[in-house]
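Worksheet for the structure shown next.
The values are calculated or read from the model by the stated rules, or taken from the named source; none is laboratory data. Not measured: the values here are computed from a predicted model. Every residue, glycine among them, receives a Cβ derived from its backbone with ideal geometry; neighbour counts consider all protein chains shown. The protein model used for the area step is the full one, side chains on, heavy atoms only, and it has no ligands, DNA or RNA in it. Shrake-Rupley method; radii C 1.70, N 1.55, O 1.52, S 1.80 Å.
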Amino acid sequence: MARVLLGVSGGIAAYKSLELARLATLAGHGVRVLMTETATRFVGAASFEGIVGAPVLISEFERDPMRGGFPGEEQPGHDPIGHLELAANCDVYLVAPASANTLAKLAGGVADSMLTTSFLACASPRLLAPAMNDRMFANAATQANLATLSGRGVEVIEPDEGRLASRGEFGRGRLPDPERLLARIEAALPAGERPWDGMRVLVTAGGTREPIDPVRFIGNRSSGRMGIALAAAAARRGAEVTLIAANVSLPEPAGVRRIDVETAEQLARAAAEEFKSTHVLLMAAAPADFRAATVSGGKLARQDGLELHLEPTEDILASLAAARGEAQTIVGFAAEHGGDAVGRARAKLTRKNADLIVLNDVSDPAIGFESADNAVTLIDRGSEAEVPIASKDAIAEAILARVAELRAEASGPAA
Ligand code: CTP
C-alpha cells in the first residue's frame, strides 16, 4: 500500500480531512499528516494522530519521532533532516484543504512551515484541493496562483459548487467529499502502488431490450450512468475493468474494456464468460425480467392487433452467485419504490446470495435513472449504511470503499 502525505492548511473544511485520513488509513495506506499553525485552530493535531497512528508535524524545525517513516513500515535507523524526509519518502502528497494563503505561498515557493517546505522538496505527484469562500476562490490572485501551480505539474482538484460555510452563502469553493479526494490520491499513485492493482472488476450497466419484432422492444429507463461511474472508479484504483454495456449511449471511461449487448440473454452469456476470472462483480445493469415468448420475424401491423406472451428471463445475478468462488465479491443493485425498501433489499441480498446490495429508492424524483445524482443505502449481511445524495461519482466511490472493506474483512488486504 502507498505512503500518503497529507498537508492540512487553515480552513473550516479541515474537518473533512480527518475523514479523508480515516478512509485512507482504512484502505491500508500509511498516512502522515503535516498541518499549518492556522489549521490547528480548526481541528486538533491529536485527532489526526489518533486516526493515522503517527505524529503530526507543524514546524520545519520539529524533530520527527518517526524519522521520516510511514505507519506500517520499519522505522529508519538514522535520524534524518526532518523537513526533507517525509517529502522524499511519500508516494503522493495532497494538500487538502489548500487555503488561499497556502496556495499563494506554494505558488511563490515560500518555505516557512513543514507543509510548505515539504511541498517544495517533493518529487512525487503533488495534488492540491483548494477550499475557501467562493469570492476568494474566484479572485484573480487565487486563480493566477492555481494556474502557476498547474503549469508546474501540480494537479489541482477543482472545488465543488454548493453551500459554503458562511451562513446562507452558496458558490464554488467546497472541498470535495473525502471519498473523491481519496480516489484522486489513488489515481495519482504509480502503477504497482494502487490499491486494486492486479484485481479484475466486471461491471454491467444500462438496460436490456427484449425484441417483440424487428423494430419494437420491451426496455427500461436505465441510462448506464451509475455503471459507468463504477467502472471509472474501479479503473482509478488500478483494477482491470470490463464493462458489459446494455444499450448505453455514453462513452466508456479511459482504459476500460467494453462489451456491448442488447438483450438479457446476451448479457447473461457475456457475464457468465467474464465472471470466471473476476474478483468483483458490480451488477448495476437492469436486465429485463420478462421477454416475449416468440419474436415476430416481420414488423407487426397495427390492424392485426397484438397479444404478447411473456416469459421470465434468467436471474443473471443469482445464477452467477450460485457458481461463485471464495475470493469473489458480488454486488447487486435494487431499485425499490417506497414502502419497506430496506426490508425488500435485504431479502434480495439473501435470495440472490450477494455480498452487498446497493438500494436506491426510485420513488424520489431527485435521484435515479437520468439524473447525475443518486442517494443509496448499502446493505450487507452485517450492517447497513446510508450514503446521502451526491454525484454518481461520489456514490461509486462510497460503494467501492465498502467493497474494499468487505474484502479486507473476508480475507485480509483487498488485493
Ligand atoms: N438482475 C439480474 N437478472 C435479472 C434481473 C435483475 O441479474 N433478470 C439483477 C440486477 O442487475 C440487480 C439485481 O438483480 O443487480 C436486482 O434487480 P431487481 O430487478 O430489483 O431484482 P428482481 O429479481 O427483479 O427482484 P424482484 O423479485 O423484487 O422483482
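List residues of region 118-137, by number, whose backbone nitrogen lies under 13 Å from a label position 7 Å along Cα→C-beta of Glu169.
From region 118-137, the list is 131-137.
Which percent of the accessible area of the chain is formed by carbon and sulfur heavy atoms (probe 1.4 angstrom)?
C and S atoms contribute 51 percent here.
Find which of Ile212, Gly325, Phe119 sits farthest along the positive direction of the dipole of the chain, computed with +1 on the beta-carbon of Lys and Arg, -1 on that of Asp and Glu, about the Cα centre.
Phe119
Using a basic spin-label model with each label point 7 Å from the Cα along Cα→Cβ, how many nm lie between Thr350 and Ser296?
Going by the 7 Å Cα→Cβ label model, 4.5 nm.
Enter the Cα centre distance for the pair region 378-406 and region 154-230, rounded to the nearest angstrom.
One Cα centre to the other: 12 Å.
For Asp364 and Glu193, compute 0.36 nm times the residue count separating them, minus their Cα-Cα distance, and round to one decimal in nm.
Length difference between fully extended and current span is 57.6 nm.
Restricting things to alpha carbons, tell me how big region 200-411 is in terms of Rg and Dmax, in Å.
17.3, 62
Taking the Kirkwood radius as the inverse of the mean 1/r across Cα pairs, report the Rg/Rh of the chain.
With Rh from the inverse mean 1/r over Cα pairs, Rg/Rh is 1.05.
What angle, in degrees between 0 and 90 and rounded to the nearest 10, separates the Cα long axis of helix 341-352 from the longest principal axis of the Cα atoms of the chain?
Tilt relative to the chain: about 70 degrees.
Among Pro71, Leu20, Gly82, which residue has its Cα positioned farthest towards the positive end of the charge dipole of region 1-103, with +1 placed on the Cβ of Lys and Arg, -1 on the Cβ of Asp and Glu, and the dipole taken about the Cα centre?
Projecting each Cα onto the dipole axis, the largest value belongs to Leu20.
Please list, or write none, the aspartates and glutamates whose alpha carbon is within less than 16 Å of the alpha carbon of Lys392, excluding same-chain residues fewer than 8 places away.
Straight-distance partners of Lys392: Asp160, Glu161, Asp177, Glu179, Glu252, Asp361, Asp364, Glu370, Asp373.
Select from Ala2, Ala104, Ala410 the residue farthest towards the positive end of the dipole of the chain; place +1 on Cβ of Lys and Arg, -1 on Cβ of Asp and Glu, and compute about the Cα centre.
Farthest towards the positive pole: Ala104.
For the peptides 52-63, 115-126, 147-158, what is the packing order when you average, over each peptide's residues, the other Cβ atoms within 10 Å and list the highest mean first?
Ranked by mean Cβ neighbours within 10 Å, highest first: 115-126, 52-63, 147-158.
If one takes the longest principal axis of the Cα atoms in the chain, at what angle in degrees, from 0 to 90 and to the nearest 10, does the Cα axis of helix 264-275 lie?
Orientation of helix 264-275: about 40 degrees from the principal axis.
How big is the charge dipole of region 200-411 about its Cα centre, in debye rounded to the nearest 20, if each Lys and Arg gets +1 on its Cβ and each Asp and Glu gets -1 on its Cβ?
360
For Ala104, project a label point 7 Å along Cα to C-beta. Then give me every residue of region 10-33 with its amide nitrogen under 19 Å of that point.
10-13
Could you give me the radius of gyration and the Dmax of region 3-188, taking only the C-alpha atoms into account and expressing both in angstrom?
15.4, 53
Please compute the modelled spin-label separation between Ala410 and Ser319, points set 7 Å along Cα→Cβ, answer in nm with one decimal.
2.1
Nothing charged except the Cβ atoms of Lys and Arg (+1) and of Asp and Glu (-1): what's the magnitude of the dipole of region 3-188 about its Cα centre? Round to the nearest 20 debye.
460
Only Lys, Arg, Asp and Glu count, each charged at its Cβ (+1, +1, -1, -1), so figure out the dipole size of the chain about its Cα centre, rounded to 20 debye.
Values: 42 positive and 53 negative charges, 81 e Å.
It comes to approximately 400 debye.
Would you kindly state how much longer the chain becomes between Ala272 and Phe61 on full extension, computed as 0.36 nm times their sequence separation minus their alpha carbon distance, in nm to one decimal? It would help to have the intermediate numbers written out before the result.
Numbers: separation 211, 0.36 × 211 = 75.96 nm, distance 5.93 nm.
Between Ala272 and Phe61, full extension yields 70.0 nm more.
Suppose all protein chains stay in the model; what accessible area per residue would a 1.4 Å probe give for the chain, in Å²? Could the numbers behind the result be given before it?
Working: 18670 Å² over 415 residues.
Result: 45 Å² of accessible area for each residue.
Pull up the cross-link candidates among the lysines for Lys105, meaning alpha carbon to alpha carbon under 23 Å and not fewer than 8 places away within one chain.
Excluding near neighbours in sequence, the set is Lys16.
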